[in-house]
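Asks: The structure that follows is given in the form of structure tokens.
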Amino acid sequence: STTSRYLRVNTRRGYSGQQVARKILDSNGLYNVKIEMVRGRLSDHYDPRSNVVRLSQDIYDGTSITSIAVAAHECGHAMQHAKGYIPLNVRSALVPVVNFSSRMSWFLIAIGLFMNTGPLLSIGILLFSASVLFQIITLPVEFNASNRAVAQLSNLGIVEGKEANQSRKVLTAAALTYVAAALTSVLQLLRLLAIANRDND
């Protein structure tokens with residue numbers, strides 16, 4: 001709701017998300033990082049493998065508070081990558097592990113519960129734990145990228161007056177979705193551990 005509200009509030013300077021991204025990247029010497037438009041709503045992301053900031057059309061062409069805030073946030077990830085930000089490197093290293101564990105964990109958990117097989121249940125929970133760890137490591141990565149974004153928007157004169165606070169509101173709301181996801185995963189893990197301990201008892 002916050003991103004939708006500020007998607008309707010245009011900035012005074014009228015920079016588009018693409019222009020903001022290019023300005024931030026170039027100001028930090030990241031001339032080699034490309035900017036591309038992608039389909040979908042809020043499908044924006046930074047791809048460290050291709051060194052590309054990908055922005056959805058609303059963000060790429062938009063001149064709203066949400067457009068420039070999200071574009072700046074993705075540039076924050078590019079800055080992290082360039083500076084070797086450790087949590088980002090750890091998260092990137094976990095991606096193949098998490099891709100495998102997310103596919104297999106619930107399958108093994110379901111079979112373990114159905115067949116009352118403790119080892120399978122334990123392996124499933126262990127695999128699910130990798131996904132929980134990924135969610136937790138994502139938190140500092142996202143908050144740090146948002147802090148970098150707000151600083152860049154202000155330092156480069158892209159936002160004026162209350163626009164800085166409005167940009168922060170958008171990025172804080174987005175970051176809280178990651179907090180909610182991480183909390184849900186932790187609670188789910190605790191629930192699974194409680195079930196496993198009950199079955200062992």
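Asks: Using +1 on the beta carbon of Lys and Arg, -1 on that of Asp and Glu, and nothing else charged, what's the dipole of the chain about the Cα centre, debye to 20?
Replies: 400
Asks: In Å², what does the accessible area per residue of region 85-161 work out to with a 1.4 Å probe?
Replies: Heavy-atom accessible area per residue stands at 51 Å².
Asks: Could you order the peptides 76-82, 66-72 from most to least packed, using the average number of other C-beta atoms within 10 Å per residue?
Replies: 66-72, 76-82
Asks: Could you work out what % of the accessible surface of the chain is carbon and sulfur, using a 1.4 angstrom probe and leaving DNA, RNA and ligands out of the count?
Replies: About 57 percent, which is the carbon plus sulfur part of the accessible surface.
Asks: May I ask for the longest run of the chain untouched by trypsin sites (Lys or Arg not before Pro) that are loop-located per DSSP and have at most 15 neighbouring C-beta atoms (other than their own) within 10 Å?
Replies: No qualifying site falls inside 50-161, the longest such stretch.
Asks: Any chance you could look up the accessible area of Val33 with a 1.4 Å probe, heavy atoms only, rounded to 10 Å²?
Replies: 0
Asks: Sequence gap at least 6, Cα distance under 8 Å: using those rules, report the relative contact order of region 1-147 to the nearest whole percent.
Replies: That works out to 22 percent.
Asks: OK, next. Which lysines have a Cα lying under 29 Å from the Cα of Lys162, excluding residues fewer than 8 positions away in the same chain?
Replies: Correct list for Lys162: Lys23.
Asks: Where in region 1-77 are there chymotrypsin sites (Phe, Trp or Tyr not before Pro) that are in a DSSP coil and have at most 12 other Cβ atoms within 10 angstrom of their Cβ?
Replies: The qualifying sites are Tyr31.
Asks: Here is a further query. Express as a percent, rounded to the nearest 5, the fraction of DSSP beta bridges in the chain (both residues included) that run antiparallel.
Replies: Counting DSSP beta bridges with both partners in the chain, the antiparallel share is about 45 percent.
Asks: So what's the angle, to the nearest 10 degrees on a 0 to 90 scale, between helix 65-83 and the longest Cα principal axis of the chain?
Replies: Roughly 70 degrees, rounded to the nearest 10.
Asks: Note down the relative contact order for region 111-201 as a percent, whole number, built from C-alpha pairs under 8 angstrom at least six residues apart.
Replies: Normalised by residue count, the contact order of region 111-201 is 41 percent.
Asks: Where does each of Met115, Met37, Met104 land when they are ordered by accessible area, with a 1.4 Å probe and the largest first?
Replies: Sorted descending by solvent-accessible area, the residues read Met115, Met37, Met104.
Asks: Can I ask one more? Could you tell me the distance between the Cα centroids of region 8-47 and region 107-154, to the nearest Å?
Replies: Result: 28 Å between the Cα centres.
The values are calculated or read from the model by the stated rules, or taken from the named source; none is laboratory data. Small disclaimer: the values here were computed from a predicted structure and weren't measured. With ideal geometry, Cβ positions are generated from the backbone for all residues, glycine too; neighbour counts draw on all protein chains shown. The protein model used for the area step is the full one, side chains on, heavy atoms only, and it has no ligands, DNA or RNA in it. Shrake-Rupley method; radii C 1.70, N 1.55, O 1.52, S 1.80 Å.
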